[in-house]
Amino acid sequence: MNTNVSPESLHYDRPDISLIEERLEPYSVALYVGGREGASNLDLLRKHGITTVVNCAVNFDINLVQETDPDSDPANLPWGHGAVRYYKLGLVDGPGNAETMMLAGYYLLRGALSQVLPERASYPTRERGNVLVNCRGGRSRSVALVALLLHHAMPDKYPSYDAALAHVREARELRPDEWNSAPKPMLVNAAKKASEWIDRIGHEDPAAPR
């Protein structure tokens with residue numbers, strides 16, 4: 001690591017993905033946080049039973065299409081079914097996000113966890129497994145959002161946003177001298193504001209099909 005940098009620029013080596021919660025309730029799945037290296041490593045995702053990826057970064061995308069749909073036009077960008085279920089929340093890692101975007105991210109993540117797919121051939125990626133929340137570095141946007149989820153999904157274990165954030169930082173191996181930018185302060189503030197709104201709005205998962 002180069003120590004001749006500002007505290008905000010500090011970066012340490014850490015795993016491509018980190019296990020944050022071994023059993024996220026009420027979904028009974030494992031929850032991971034990672035960066036671009038982990039989110040793009042299909043072998044790593046499969047090794048950890050990850051079938052759902054939620055990307056928080058507006059400035060990072062992954063081509064998850066393994067087989068181009070035969071109906072797609074070769075002159076256009078390829079499209080088809082992805083190797084995993086993929087959800088995108090485009091947050092800026094800093095100022096510039098609408099104040100409701102973190103709230104939208106929370107409900108997007110809860111929706112990804114609880115979504116019930118119809119029994120149709122056009123929905124082939126059906127396996128339900130563990131979940132990865134990623135951004136570019138896996139240290140700011142994804143950390144802020146996952147802490148928000150933990151606090152509201154498992155309030156007995158994580159009674160406050162700060163308690164959840166402390167756990168995510170430790171599990172993701174974020175060091176104290178990184179905390180001023182991991183996550184960015186405005187993202188922490190946005191998550192705390194979203195937490196207040198969630199207390200008013202609530203959440204209800206869809207009923208499983210009969």
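We did not get these values from a lab; they are worked out from the coordinates using the rules stated. Note that this is a predicted model, so its numbers are computed, not measured. Counting neighbours? That spans all protein chains shown, and the Cβs are built from the backbone with ideal geometry, glycine included.
Any lysines with Cα under 27 Å of the Lys184 Cα? List them, leaving off those in the same chain fewer than 8 positions away.
Hits, sequence-local ones excluded: Lys88, Lys157, Lys192, Lys193.
Can you tell me, using C-alpha contacts under 8 Å and at least 6 residues apart, the relative contact order of the chain as a whole percent?
27 percent
Determine ³J(HN,Hα), in whole Hz, for all residues of region 76-89 in sequence, where each value follows from phi through the Karplus function 6.51 cos²θ - 1.76 cosθ + 1.60 and θ = phi - 60°; x replaces Gly and Pro.
9, 5, x, 9, x, 7, x, 6, 9, 6, 10, 10, 10, 10
Answer with a single label: of [x] -0.40, -1.15; [y] -0.35, -1.20; [z] -0.32, -1.31, which was calculated as log10 I(q)/I(0) by the Debye sum over Cα atoms at q = 0.09, 0.17 Å⁻¹ from the structure in view?
Label of the calculated value: [y].
For Tyr32, enumerate residues with amide H under 5 Å from its amide H, sequence gap 5+ or separate chain, H modeled in the peptide plane.
Placed amide hydrogens put Ile20, Val131, Leu132, Val133 under 5 Å from Tyr32.
Only counting other Cβ atoms within 10 Å, I'd like Arg141, Arg46 sorted with the fewest neighbours first.
Ascending number of Cβ neighbours within 10 Å: Arg46, Arg141.
Place a +1 charge on the Cβ of each Lys and Arg in region 70-210 and a -1 charge on the Cβ of each Asp and Glu, then give the dipole magnitude about the Cα centre in debye, rounded to the nearest 20.
Around 80 debye, computed over region 70-210.
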